[in-house]
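The values are calculated or read from the model by the stated rules, or taken from the named source; none is laboratory data. As the structure is a prediction and not an experimental result, all values here were calculated from the model. Note that each Cβ is placed from the backbone with ideal geometry, even for glycine, and that neighbours are counted across all protein chains shown. Quick note on the areas: whole protein, heavy atoms, side chains included, nothing else; ligands and nucleic acids left out. Shrake-Rupley method; radii C 1.70, N 1.55, O 1.52, S 1.80 Å.
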Amino acid sequence: MNDLMNDRRAKTAIVAAICLIAVIAAGIMGWNMGGRSIDVRASAEYQVRTKELRRAETALTESQQDIDNRNTQLNETDDAIGKTEREMERYQDFAKEFGPSAGDANPQITVKSIGAVDAAYGYYKIPITVHNNTSATLTYYEVRYQLTDDAGNITNTHFANSVNGCAGNADCTFMGYGRFNPAGMTLTPISWTTGSAENSYGHYGTDVVTRKF
Amino acid sequence: MPIEGVKNTQVNPVIVVVATAVVAMMMFAGAYAAGRSATKPTDSPEYRALVSDIADVKKRTAANKARAKELTDEVEQLEEKQQAADKRLEEAKQAYQRYVPAGSVKDQPLTVESLDVAFDNSDGTGMHVHPRFVVRNTSGHIITKIEIVGEIVRPDGSVVSDDQFVSADDIRLMPGRTAVIEKVLFSKVGGRGDLFKPKHYYYQIASDSQSKDVQFGGDVTAKVIS
């Protein structure tokens, strides 16, 4: 009889153990599946963060745009400065034309002075004194000049010449002679010539001697 | 066959199974709910990745803002430089325009202001045709030589004499200024009633070694010799 009781007790214990395991297993499984059933992406916290990410990305894009805009500005301003400087150089080059300019080198005759006008019978004589820079006698020499009013308009062009000869290294005076009245005008020598030989012609520079009558 | 003296304590196996199942299901349901409520979304890897992304984006934005500030300073400096350059350009332009006023440069380097052709004895050598031009320098440069070429024609258009030069060979004519270019034509090139017709001209500027040949425009017409 005890054997039977023991047998029954053993059977009951085994059944109880199996039931317990089944229940525990159900519990463990329930806990895991419960946890995994949470939809993270649908959760309120995740949604909040998702919105935050969108806002942050917008701010990032704008900050990048800011940088691009400033770089564009830098490039455009740089280009503009380059253009401005080149145009400035252009004007400076142009203006050089109107600054002082030297005459041709080694003129054979240099204008030393221009005398007062000698007027008679509707003719006007203008005495011009030149220095012969060569050591040889010049048999012919001529200075071409222009007469300008106060505004710089040319009112007459003429020349003074001589066939009387000019000794080497000497000063010689000769006449511009014509019917134009130079009163009030400024006489500016432009060029000289001593004949048709080579190097016998040259231009005077802006530093040439002038005279206002 | 039931044993005497022993109570029948055996439980029905069906009841055991059903009871276990019920308890297990209740356990499952309870554990499921408990597991669900114990799980925080904020501990999940997806959430943690999201938080990390946000931090990264914010970091990059901050770096951009710092760089933008540096660039703003550079832009300001460059704009100051531009203002200085603009000022220097204006000065150079004004210095140039003292010599070449705006509007004084035209398509024609020489503009004929007037032409008079007299038949007179102005140089004392006898009656000759005496054309007298007043031309304005509209080239924008200093002109050093002007040679005007014309012909003399009868009223019917037939040519009396060709290639008549009226020149000023050595001058320094500033931009915008006028010059009187006249000549007494020495041979018997025509008489009163004929017309002096300007055709073209050569002019040379200070920076060139050669002269240019330019045709007069249609606005420059023949003048009767009087």
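The string of couplings for segment B:82-88 from the Karplus curve (6.51, -1.76, 1.60, θ = phi - 60°) is 5, 4, 4, 5, 4, 5, 5 Hz, one whole number per residue in order, with x for Gly and Pro. Listed by chain and number, the aspartates and glutamates whose C-alpha is less than 17 Å from the C-alpha of B:Lys106, apart from same-chain residues fewer than 8 away, are B:Asp213, B:Asp219.
Using R0 = 25 Å, the C-beta based FRET efficiency linking A:Tyr177 and B:Asp116 works out to 0.55.
For segment A:41-55, backbone phi angles converted through the Karplus equation (6.51, -1.76, 1.60; θ = phi - 60°) give residue-by-residue couplings of 5, 8, 5, 4, 4, 5, 4, 4, 5, 4, 4, 4, 5, 4, 4 Hz, Gly and Pro being listed as x. Secondary-structure-derived ellipticity at 222 nm for the protein assembly as shown, considering helices only, amounts to -14500 deg cm²/dmol, per-run term -39500 (n - 2.57) for DSSP H runs with n ≥ 4.
Note on B:Ala21 and A:Leu4: the model spin-label points, each 7 Å out from Cα along the C-beta direction, lie 3.2 nm apart. Taking a threshold of 20 Å on the Cα-Cα distance, which of the pairs A:Lys212/B:Lys183; B:Lys145/B:Lys212; B:Lys188/B:Lys223 fall above it? Violating the 20 Å limit, Cα to Cα: A:Lys212/B:Lys183. Each label was represented as a point 7 Å from its Cα along the Cα-to-Cβ direction; for A:Ile14 and B:Lys40 these points are 4.7 nm apart.
Note on chain A: with a GNM built from Cα contacts shorter than 10 Å, the maximum mean-square fluctuation among A:Ile128, A:Ile190, A:Ile21 falls on A:Ile21. Our coupling estimate for segment A:105-122, obtained by passing each phi through the Karplus curve with A = 6.51, B = -1.76, C = 1.60 and θ = phi - 60°, is 5, 6, x, 6, 10, 10, 6, 9, 7, 10, x, 6, 6, 10, 9, 7, 6, x Hz, Gly and Pro reported as x. Going 7 Å from the Cα of A:Asn164 along its beta-carbon direction, which residues of segment A:117-155 have the amide nitrogen within less than 11 Å of the resulting point? Residues A:128 qualify, since their backbone N sits under 11 Å from the label point.
Which residue, chosen from B:Asn12, B:Val149, B:Asn137, occupies the Cα position most advanced towards the positive end of the dipole of chain B, where the dipole is computed from +1 (Lys, Arg) and -1 (Asp, Glu) charges on Cβ about the Cα centre? With unit charges placed on the Cβ atoms, the residue in question is B:Asn12. Across B:Ser211, B:Ser167, B:Ser158, mean-square fluctuation computed from a Gaussian network of chain B (C-alpha pairs under 10 Å connected) peaks at B:Ser158. For the chain pair B and A, the interface hides roughly 6200 square angstrom of accessible area in total, found with a 1.4 Å probe.
Cut-off 10 angstrom, C-alpha nodes, Gaussian network model of chain B. Which of B:Ala33, B:Ala92, B:Ala168 fluctuates the most? So, out of B:Ala33, B:Ala92, B:Ala168, the one fluctuating most is B:Ala33.
Considering only A:Gln92, A:Leu53, A:Ile81, the residue lying farthest towards the positive end of the dipole of segment A:15-114 is A:Leu53, judged by Cα position with unit charges set on Cβ. A crude spin-label estimate for the pair B:Lys58 and B:Ala33, with each label 7 Å from Cα along the Cβ direction, gives 3.8 nm. Simple rule: put +1 on each Lys or Arg Cβ and -1 on each Asp or Glu Cβ in chain B, find the dipole, and look at B:Thr61, B:Ile225, B:Phe196; the Cα lying farthest toward the positive end is B:Thr61. Candidate cross-link partners of A:Lys125 among the aspartates and glutamates, defined by an alpha-carbon separation under 18 Å and a same-chain spacing of 8 or more, comprise A:Glu142, B:Asp123.
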